[in-house]
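Notes to accompany the following structure.
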Amino acid sequence: MPVVEVEGRRLSLSRLEKVLYPDGTAKGELLHYYALAGPALLPHLADRAVSFLRYPDGPEGETFFMKNPPPGTPDWVEIAEIPRAEGGARRQVVLRDMPSLMWAANLVVEFHTYQWPAARPGIADRLVFDLDPGAPAALAECCLVARWLRERLAADGIAAYPKTSGSKGLHLLSPIEPAPSSRVRGYARELAGEASAAFPDLAITAMARHLRPGKVFIDHSQNAAAKTTAAPYTARARRSPTVSAPVTWEEVEEAEHGGKLVVTIADVPGRLAAHGDLMAPLTDPQSARPLPG
């Protein structure tokens with residue numbers, strides 16, 4: 001088992017040759033991706049409890065969510081006490097540095113975070129919309145709805161930053177001044193309702209799956225205090241090694257008119273070199289804006 005040193009911490013990396021994705025991408029390539037993308041990913045994780053979606057045998061094997069620290073978690077990995085909705089607290093990992101990130105990446109995971117930092121449970125500083133198309137609706141329809149939401153948020157003084165979901169849809173995230181998750185979700189629900197009214201034949205807010213064919217589901221529920229969202233730059237457990245990657249609004253507009261908007265682990269280093277972190281404003285308190293009212 002290879003042992004590497006990351007910022008003074010010794011890590012054992014397992015089964016680097018194991019093929020995880022049908023295209024032949026091996027675990028070692030995934031870890032190499034996280035080593036390169038880590039400086040961009042870490043600021044989006046550093047203050048937040050992390051949930052792991054594990055797929056140790058690849059996306060076609062067993063997948064399962066894990067919130068509690070896994071067995072064998074090193075004593076130098078930070079653990080936070082996170083309140084449970086039903087009372088009490090659970091322990092969850094907080095990843096603040098490259099050794100912790102690479103230890104977690106070796107478990108083969110997607111990284112999911114709450115919209116609030118661990119130090120302020122239930123007080124959100126991010127707003128999120130998850131746009132999920134039901135066939136025959138596709139990415140182009142998501143982009144149309146996303147651009148409408150961007151303009152609507154801007155009318156309230158709030159900027160929106162898009163990223164691929166790593167699957168079929170789009171995520172929009174906005175930096176906001178800290179507010180209770182219940183208030184943020186209420187505001188998001190209101191805007192999702194306005195969007196569905198603006199696109200009555202295209203957009204829906206109902207979660208029932210039998211209503212989704214041909215529609216874009218605007219999921220505002222991820223603003224609830226107990227919900228998490230795939231972090232920017234996390235790899236996804238899909239048939240190819242896609243990433244939930246920040247994109248430009250120009251790319252969104254191009255995708256609305258037939259352009260492709262799929263980002264893989266091989267694409268991200270070049271995108272970071274060209275654009276930097278397109279979602280850096282999410283980690284800058286100066287970019288946060290208050291919710292209206």
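The values are calculated or read from the model by the stated rules, or taken from the named source; none is laboratory data. Only a predicted model underlies this, so the values are computations on that prediction, with no experimental measurement involved. Here the Cβ is made from the backbone with ideal geometry for all residues, glycine too, and neighbour counts use every protein chain on show. SASA here: full protein model, heavy atoms, side chains in, ligands and nucleic acids out. Shrake-Rupley method; radii C 1.70, N 1.55, O 1.52, S 1.80 Å.
As a summary of the residue check, A266 satisfies the conditions (1) surrounded by fewer than 20 Cβ atoms within 10 Å (Cβ to Cβ); (2) part of a helix (DSSP H, G or I); (3) of a type outside the set (K, R) except for the one numbered (2). Is at least one residue of segment 219-229 open to solvent by less than 10 Å² (accessible area, probe 1.4 Å), assigned to a loop (DSSP other than H, G, I, E, B) and closer than 30 Å to I82 by Cβ? The answer is no; no qualifying residue exists. Filtered by the rule that a residue be open to solvent by 70 Å² or more (accessible area, probe 1.4 Å) and within 17 Å of R239 (Cα to Cα), segment 1-21 gives a lone residue, V19.
Among the residues of segment 64-81, write down those that are exposed (fewer than 15 other Cβ atoms within 10 Å of the Cβ) and of a type in the set (A, V, I, L, M). Scanning segment 64-81 gives no hits. The criterion of at least 2 residues that are at pLDDT below 95 and either within 17 Å of the chain's Cα centre (by Cα) or over 17 Å from P241 (Cβ atoms) (or both) is met by the following strands (runs of 3 or more DSSP E) wholly inside segment 34-127: 64-66, 78-83, 89-94.
Of all residues in segment 177-191, those satisfying the criterion of being part of a helix (DSSP H, G or I) and among the hydrophobic types (A, V, I, L, M, F, W, C) are V184, A188, L191. Residue under question is R150, and the condition is that it be touching a residue at least 60 places away in the same chain (Cβ under 8 Å) and either out of contact with any strand residue (DSSP E or B) (no Cβ under 6 Å at 6 or more places or on another chain) or assigned to a helix (DSSP H, G or I) (or both); does it hold? So R150 passes the test.
Okay, residues lined up against (1) over 19 Å from R150 (Cα atoms); (2) over 17 Å from the mean Cα position of the chain (by Cα); (3) of a type in the set (D, E):
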residue	(1), (2), (3)
A230	yes, no, no
R238	yes, no, no
T264	yes, no, no
G270	yes, yes, no
M279	no, no, no
A288	no, yes, no
